[in-house]
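What follows is a short report on a single structure.
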Amino acid sequence: MGMNKPDLSVKIGNINMKNPVTVASGTFGFGQEMAEFYDLSLLGAIVVKGTSLEPWAGNDYPRTCETPSGMLNAIGLQNDGLDNFLSEKLPFLRRFDVPVIVNVVGHSIEEYAAVAAALDKAEGIAGLEINISCPNVKEGCLVFGATPEGAAQVVKAVREKTSLTLITKLSPNVTDVVSIAKAAVEAGSDAISLINTLLGTAIDPWKRKFRLANITGGLSGPAVKPVALRMVYQVAQAVDVPIIGMGGIMNAMDAIEFMLAGADAISVGTGNFVNPMAAVEIVKGIEDYLVATNTPNVASIVGAVS
Ligand SMILES: Cc1cc2nc3c(=O)[nH]c(=O)nc-3n(C[C@H](O)[C@H](O)[C@H](O)COP(=O)(O)O)c2cc1C
């Protein structure tokens, strides 16, 4: 006896996702390049590159290097700024039937709040993901995400400016991620996403030089998956809001591990660079898994590990 098509839909705050698969900020740009590979409407949501009030130039080159089972990046949140996002990038994304989540960055709490206020007024945005976890910029960002107090301050300031679904993106570069997740939720965050990259470095022994101009960068890819999975599990045990899990997801089985650990949705990041079709293949793979395990809806596997 065959089963009906399983229900892949999930909800993150007020965002209805047709499936649990989204893409990690900074690995998908603003969708323009990826739209040449597939119809972006196939995704559950799109999370765009970090967007700041004014354009940011980013760090010096080289900004990326490959590492065993992963990569380091120190882009430094290069982006064209809020006005350009609203006039150029958002109109393109609105052509697709997919929720758009804007990753927000700032050097100060006021800057996060100002970006949030402007995005709140724009048409066609489903949610904000506040990045308080980027290890590659000198001021702001991880400065806030490194303590429960700092996280709460940013979330509170942004919450006052928007009724959009608010997702707080956490860093793994902390001693106790659970206390930071709890503080973000108490301050008004509707959901948590994790993890951002792990701070690392790499050296070229022949040149006796660092491989990144910035010296340090953020580690991502399969190398970080066990750390990410552990943090998703710990945070899922501690908070009552939806979780978007990421860190080294390359295929559907990786995605399912994150959902079993407690993620309501997942993001594909570095996996997009290895295989541009990864995210849509993961949607299909999740569906196949549900059929194979006679599971009528994907939401029922969230946190189902024992
Ligand atoms: C090249 C690159 C750029 C990134 N830019 C951002 C960013 O702008 N904002 C952000 O919150 N995270 C950024 N990230 C982190 C990813 O969104 C993701 O949290 C991390 O890479 C872990 O997932 P992965 O192992 O699937 O890549 C970036 C990651 C990479 C590799």
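Each of 134, 65 has some number of other Cβ atoms within 10 Å of its Cβ, and from fewest to most they run 65, 134.
Within the range 116-228, DSSP assigns beta bridges of which about 45% are antiparallel (rounded to the nearest 5).
Each pair of Cα atoms in the chain enters the Kirkwood radius, and Stokes-Einstein at 10 °C and 1.306 mPa s then converts it into a translational diffusion coefficient of 83 µm²/s. Convex hull of alpha carbon positions in the range 117-161: directionally averaged projected area 3.6 nm². With both residues required to sit in the chain, DSSP beta bridges show an antiparallel share near 40%. Taking the Cα centre of the chain as reference, the dipole from Cβ charges on Lys and Arg (+1) and Asp and Glu (-1) amounts to some 480 debye.
Electrostatic tally near residue 225: other residues with Cβ closer than 11 Å to its Cβ, Lys and Arg +1, Asp and Glu -1, net -1. Near residue 200: Cβ cut-off under 13 Å, other residues only, Lys/Arg at +1 and Asp/Glu at -1. The net charge is 0. As a rough guide to protection, the peptides 54-61, 266-273 ranked by mean Cβ packing within 10 Å, highest first, stand as 266-273, 54-61. Couplings 3J(HN,Hα) of the range 10-17, computed from phi: 9, 10, 10, x, 8, 8, 8, 9 Hz, in residue order, whole Hz [Karplus 6.51 cos²θ - 1.76 cosθ + 1.60, θ = phi - 60°; x for Gly and Pro].
Toward the positive end of the charge dipole of the chain, with +1 on the Cβ of Lys and Arg and -1 on the Cβ of Asp and Glu, the farthest Cα among 253, 71, 206 is that of 206.
Check cross-link reach from residue 5 to the aspartates and glutamates: straight Cα distance under 18 Å, and skip same-chain residues fewer than eight apart. Counting by Cα, and skipping residues close in sequence, residue 5 has these aspartates and glutamates nearby: 281, 287, 288. Placing unit charges on the Cβ atoms only, positive for Lys and Arg and negative for Asp and Glu, gives the range 145-280 a dipole magnitude near 620 debye about its Cα centre. Highest-first packing order for the peptide set 235-242, 182-189 is 182-189, 235-242, based on the mean count of other beta carbon atoms within 10 Å. The order of the peptides 98-104, 74-80 by mean Cβ neighbours within 10 Å, most packed first, is 98-104, 74-80.
Summarised in one figure, the compactness ratio Rg/Rh of the range 119-256, Cα atoms and Kirkwood Rh, is 1.02.
FYI, it's all coordinate maths here, none of it is from the lab. What you are looking at is a predicted structure, and each value in this text was computed from that prediction instead of being measured. Cβ atoms come from the backbone with ideal geometry, glycine included; neighbour counts cover every protein chain shown.
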